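S.K.: The following block contains the structure, expressed as structure tokens.
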Amino acid sequence: MTGYGGAPVVAGVSLDVGPGEIVTVVGPNGAGKSTLLKAVAGILRVNAGRVSLGNDDVTNWPTYRLARAGLGYIPQVAEVFGELSVLENLEMGGYRDSRKAVKQRIDEIVEMFPALARMRKRRADRLSGGERKMVAIGRALMSNPRLLLLDEPTAGLSPALSREVMESQVAGLGQLGTAVLMVEQKAHSALSVSHWGYVLAAGRLQISASASEILKRPDLALVFLGEAAVAD
């Protein structure tokens, strides 16, 4: 249970993400999706229940401690350091490692996302929305997180860029063995690259099922996701 000081925004929600799995939480605006993610990330206080990372109870750990334990978080906005170059953004993601280890990890990230090679020296605030998302994901991966939280990764992007982010960037994360928990308004695109899905409405869990099962249910598309989700 969590919220912003008054009545709880999210309550009675239980979800699980395994290594290499992409799990997506979908639902209408105001359902509590981002609030849920912020509680897992240690930004909001969990007032009841617990958050586990592997075998560790990490409930209400500060964000820096969660990062050291293997949790990465990419917020919906301000996902990159705009005044820094792409290379400097990546280096920030490996701030706890040696210079040699950071260089090796950057080479690995660039191999995952070859487009980063040509923009290493460019300021992040001069990148397109899709490029910034790529840098944000790359920076988060610098620390080899066990669990990566993605808050609305396609927010503000065009339909074409949204598909690129989902199909070229998010879809590949599970292949790295990283557990991914994502909240996303473009439900159809997100569930198409996910293993499991949860439908959240009014801060309560309504459905827990495989992503493919959810996509096959037109009633959910209409009631919870909205007709636009079917055609996004």
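S.K.: Which members of region 150-164 meet the condition of being among the aliphatic types (A, V, I, L, M) and surrounded by 24 or more Cβ atoms within 10 Å (Cβ to Cβ)?
M.R.: If we filter region 150-164 for residues that are among the aliphatic types (A, V, I, L, M), which is where we start, we get 150, 155, 157, 160-161.
150 - this is the single residue of region 150-164 that is among the aliphatic types (A, V, I, L, M) and surrounded by 24 or more Cβ atoms within 10 Å (Cβ to Cβ).
S.K.: State all residues of region 7-39 that are touching a Leu at 6+ places or on another chain (Cβ under 8 Å) and either farther than 22 Å from residue 197 by Cα or part of a loop (DSSP other than H, G, I, E, B) (or both); if no residue qualifies, say none. Talk me through it step by step, then tell me what you get.
M.R.: Step one: list which residues in region 7-39 are touching a Leu at 6+ places or on another chain (Cβ under 8 Å), which gives 10, 12-15, 17, 20, 22-28, 31-33, 35-38.
Of everything in region 7-39, those that are touching a Leu at 6+ places or on another chain (Cβ under 8 Å) and either farther than 22 Å from residue 197 by Cα or part of a loop (DSSP other than H, G, I, E, B) (or both) turn out to be 12, 13, 14, 15, 17, 20, 27, 28, 31, 32.
S.K.: Continuing with the same structure: Could you tell me which numbered condition residue 209 fails, if it satisfies all but one of (1) surrounded by 23 or more Cβ atoms within 10 Å (Cβ to Cβ); (2) at pLDDT 90 or above; (3) of a type in the set (A, V, I, L, M)?
M.R.: Of everything listed in (1) surrounded by 23 or more Cβ atoms within 10 Å (Cβ to Cβ); (2) at pLDDT 90 or above; (3) of a type in the set (A, V, I, L, M), residue 209 misses just condition (1).
S.K.: Are any residues in region 93-110 within 23 Å of residue 41 (Cα to Cα) and open to solvent by 90 Å² or more (accessible area, probe 1.4 Å), and if so, which ones?
M.R.: Scanning region 93-110 gives 95, 96.
S.K.: Let me ask you something else. Filter region 133-144 down to residues that are in a loop (DSSP other than H, G, I, E, B) and open to solvent by 10 Å² or more (accessible area, probe 1.4 Å), then give me how many there are.
M.R.: Here the count works out to 2.
S.K.: For region 123-136, indicate whether the set of residues that are within 26 Å of residue 56 (Cβ to Cβ) and not polar (S, T, N, Q) is non-empty.
M.R.: Yes, because at least one residue in region 123-136 is within 26 Å of residue 56 (Cβ to Cβ) and not polar (S, T, N, Q).
S.K.: Right, next: For residue 129, indicate whether it is open to solvent by 10 Å² or more (accessible area, probe 1.4 Å) and under 16 Å from the mean Cα position of the chain (by Cα).
M.R.: When the stated conditions are applied, residue 129 passes them.
S.K.: Let me ask you something else. Can you name the condition, by its number, that residue 203 falls short on among (1) open to solvent by 20 Å² or more (accessible area, probe 1.4 Å); (2) on the phi > 0 side of the Ramachandran plot?
M.R.: Failed condition: (1).
S.K.: Out of the residues in region 80-90 that are open to solvent by 20 Å² or more (accessible area, probe 1.4 Å) and modelled with pLDDT under 90, which is farthest from the chain's Cα centre (by Cα)?
M.R.: 83
S.K.: Please find, within region 171-183, the residue that is nearest to residue 196 (Cα to Cα) out of those that are at pLDDT below 85 and touching a Leu at 6+ places or on another chain (Cβ under 9 Å).
M.R.: Only one residue tops the list, namely 173.
S.K.: Among the listed residues 164, 88, 108, identify the single one that is more than 24 Å from residue 17 (Cβ to Cβ) and either assigned to a helix (DSSP H, G or I) or touching a Pro at 6+ places or on another chain (Cβ under 7 Å) (or both). Break it down stepwise before answering.
M.R.: Numbers: 164 fails: more than 24 Å from residue 17 (Cβ to Cβ); 108 fails: more than 24 Å from residue 17 (Cβ to Cβ).
Just a single option satisfies the conditions, and that option is 88.
S.K.: Let me ask something else about it. Given the condition of a type in the set (Ser, Thr, Tyr), without any contact (Cβ under 8 Å) to a residue 40 or more places away in the chain, over 30 Å from residue 35 (Cβ atoms) and in contact with a strand residue (DSSP E or B) (Cβ under 8 Å, 6 or more places away or on another chain), answer yes or no: does some residue in region 91-114 qualify?
M.R.: The answer is no; no qualifying residue exists.
S.K.: Now for a separate question. Is at least one residue of region 56-63 assigned to a strand (DSSP E or B) and at pLDDT 90 or above?
M.R.: Looking through region 56-63, at least one residue is assigned to a strand (DSSP E or B) and at pLDDT 90 or above.
S.K.: Sticking with this structure for a sec: Which of the residues belonging to region 31-74 are touching a Pro at 6+ places or on another chain (Cβ under 8 Å) and open to solvent by 60 Å² or more (accessible area, probe 1.4 Å)?
M.R.: 47
S.K.: Filter region 167-194 down to the residues that are part of a helix (DSSP H, G or I), of a type in the set (A, V, I, L, M, F, W, C) and surrounded by fewer than 22 Cβ atoms within 10 Å (Cβ to Cβ) and list them by number.
M.R.: 176
S.K.: Now a separate question. Does residue 42 count as in a loop (DSSP other than H, G, I, E, B), small (Gly, Ala, Ser) and closer than 21 Å to residue 93 by Cβ?
M.R.: The answer is yes for residue 42.
The values are calculated or read from the model by the stated rules, or taken from the named source; none is laboratory data. This structure is a prediction, so every number in the text was calculated from the model and none was measured. Positions of Cβ are backbone-derived with ideal geometry, glycine not excepted, and every protein chain shown enters the neighbour counts. Calculation scope for accessible area: heavy atoms of the full protein, side chains included, ligands and nucleic acids excluded. Shrake-Rupley method; radii C 1.70, N 1.55, O 1.52, S 1.80 Å.
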